[in-house]
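A.B. asks: This is the structure, below, for whatever I ask next.
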Amino acid sequence: FGNLVYVSTNYGISVFNLERLEFGDTYFIGNSGSQTIVNQTAVFGDYIYAACLNGSGIRKALLSSPNLIDFQNWQVITSGNFLAVEMVSDNLYAIRTDNRIYQITNDILTELFLYTNPPLDLKSVDANLIVTTKSNVYVYDSSFNLISQVALSVDYMTTFTAASINSEYIYIGTKDF
């Protein structure tokens, strides 16, 4: 975001400055400033959101705060274990480890869908949300309307790992092909 990259790590969030090509602060945002696994971050509105494991849930902090390094500046939106958080247009989405995807509105989670297999990847591309499981890729518009779905082909027995889109094409990463 801007000239900073917020790197999700097994201990928190590290900040990399693209202008200076160097790491700056590290945010330990677990309870009492402890380390916690952050799977993904997203900037939405005036806040940075973090999807965490270890029961740390979804946390947020005011992006303009000069003291994001202080864990007390991070609010817990909900507890639990989250795989991802992503912003698409004017909407914020999060995926829990129980295969459920939620829309977050005013810090309230609304369940949208339960996937058969655990989601492996969640990303935003060109106002679309892309969810990848081991056997399906789902492409949604910014309002979570399904606009395309690709299932694993019996001709290529493999596992999907990630996906992206470009124009009218879906590109899928796999374990074997």
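The values are calculated or read from the model by the stated rules, or taken from the named source; none is laboratory data. Bear in mind the structure is a predicted one, so any value in this text is a computation, not a measurement. Reconstructed Cβ throughout: ideal geometry from the backbone, glycine too, with neighbour counts over all protein chains shown. Ligands, DNA and RNA are excluded from the accessible area calculation, which covers all protein heavy atoms including side chains. Shrake-Rupley method; radii C 1.70, N 1.55, O 1.52, S 1.80 Å.
A.B. asks: Whole number in Å², please: accessible area per residue of the range 41-135, 1.4 Å probe, ligands, DNA and RNA not counted.
C.D. replies: Dividing the accessible area of the range 41-135 by its residue count gives 44 Å².
A.B. asks: Could you order peptides 158-165, 33-40, 102-109, 19-26 by the average number of other Cβ atoms within 10 Å of their residues, highest first?
C.D. replies: The densest-packed peptide leads the list: 33-40, 158-165, 102-109, 19-26.
A.B. asks: Right, something else. Compare the Cα positions of T174, T9, N81 along the charge dipole of the chain (+1 at Cβ of Lys, Arg; -1 at Cβ of Asp, Glu; about the Cα centre) and return the one farthest towards the positive end.
C.D. replies: Looking along the dipole axis, the top candidate is N81.
A.B. asks: Follow-up. Could you sort Y171, Y138 by accessible area so the largest value comes first, with the probe set to 1.4 Å?
C.D. replies: The residues order as Y171, Y138, largest area first.
A.B. asks: Here is a follow-up. Positive end of the dipole of the range 72-173, charges at C-beta (+1 Lys, Arg; -1 Asp, Glu), about the Cα centre: which of Y93, Q149, F160 has its Cα farthest in that direction?
C.D. replies: Going by the Cα projections, it comes out as F160.
A.B. asks: Further question on the same structure: Which value, in debye to the nearest 20, gives the size of the charge dipole of the chain about its Cα centre, when Lys and Arg are +1 and Asp and Glu are -1 at the Cβ?
C.D. replies: 380 debye
A.B. asks: At a 1.4 Å probe, what is the % contribution of carbon and sulfur to the accessible area of the chain?
C.D. replies: Looking at the chain in its full context, I get 48 percent from C and S.
A.B. asks: Treat each spin label as a single point 7 Å out from the Cα along the C-beta direction, and report the A127 to V150 distance in nm.
C.D. replies: 2.2 nm
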